[in-house]
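Working notes for the structure below.
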Amino acid sequence: MVHITHLTIILIFELWENMTLIPKSIASDTVYFYKIQYKIMYVIGVVFISIFTLTALSMTRNSSIIFFIFVIVMTAFHMMTFNYMKANILILADEVKEVENGLFIRNGKISETIDYDNIQSVTYRYLFSIKNNVVELTFKNPTTLGNKVRFISWADASNYQREFNPFPAKTSETQAWVDTLKEKIVQNTNKNPL
């Protein structure tokens, strides 16, 4: 015979209230793996460039102009890949949570709570460079995270209808969250006019 106490019932209800199908963080956990993947690709690229540079150095001892051109091309390639990674991958937030008066955003080791007052615009669009839909938050005043933050929502990361589709459909869950966020920004702006 099972004996259920008052404390057990309270504990069950507490657990039930805290259980949700929607994760606490709006941002997807897969961003962490995107960042690791691109960092590994970047290191492999640097090693690859170094090997080719050393090979070119030994092959072009008599022709320093060819070696100089080769180094310039490889340096340009290195700069382009690093800037691409910095502009598209490293800007993605690892964690975005709603708090009382704004959003808690964490990108790597940097985290900050952004008030709704400081959010200038919210866009939800397809970003070809990372081949997924992203939510982009632009801030009125610069923060420790920069002027804007992008993140992939948990719904977009698990949107399996995007397979083999170059332009995946926006998810209704993320669109609803973006619309709600825009309403909160407008309400907060009306409450606290400049």
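Annotations for the structure displayed:
- Within region 64-105, backbone nitrogen closer than 19 Å to the virtual label 7 Å beyond the Cα of ASP117 toward Cβ: 99-105
- Cβ-Cβ distance of ILE130 and VAL47, R₀ of 30 Å, FRET efficiency by 1/(1 + (r/R0)^6): the value works out to about 0.80.
- Ordering of 128-134, 183-189 by packing is 128-134, 183-189, highest average first (other Cβ atoms within 10 Å, averaged per residue).
- Rounded to 0.05, the FRET efficiency of the TYR32 and GLU173 pair, given R0 = 25 Å and the Cβ-Cβ distance, is 0.75.
- Spin-label pair SER158/MET79, simplified geometry with 7 Å Cα→Cβ offset, distance in nm: 4.3
- Burial ranking of peptide ranges 97-106, 26-35, 149-158, 75-84 (average Cβ count within 10 Å, highest at the top): 149-158, 26-35, 97-106, 75-84
- Candidate lysines - alpha carbon under 26 Å from LYS86, same-chain residues fewer than 8 apart omitted: LYS35, LYS39, LYS97, LYS109, LYS131, LYS140, LYS148, LYS170
- Modelled this way, with points 7 Å down the Cα-to-C-beta line, the labels at ASN101 and ILE65 are 6.6 nm from one another.
Each value in this text was obtained by applying a stated rule to the coordinates, not by laboratory testing. As the structure is a computational prediction, the values presented were derived from the model and not from experiment. A quick note on method: Cβ atoms are made from the backbone with ideal geometry, for glycine too, and the neighbour counts reach across all protein chains shown.
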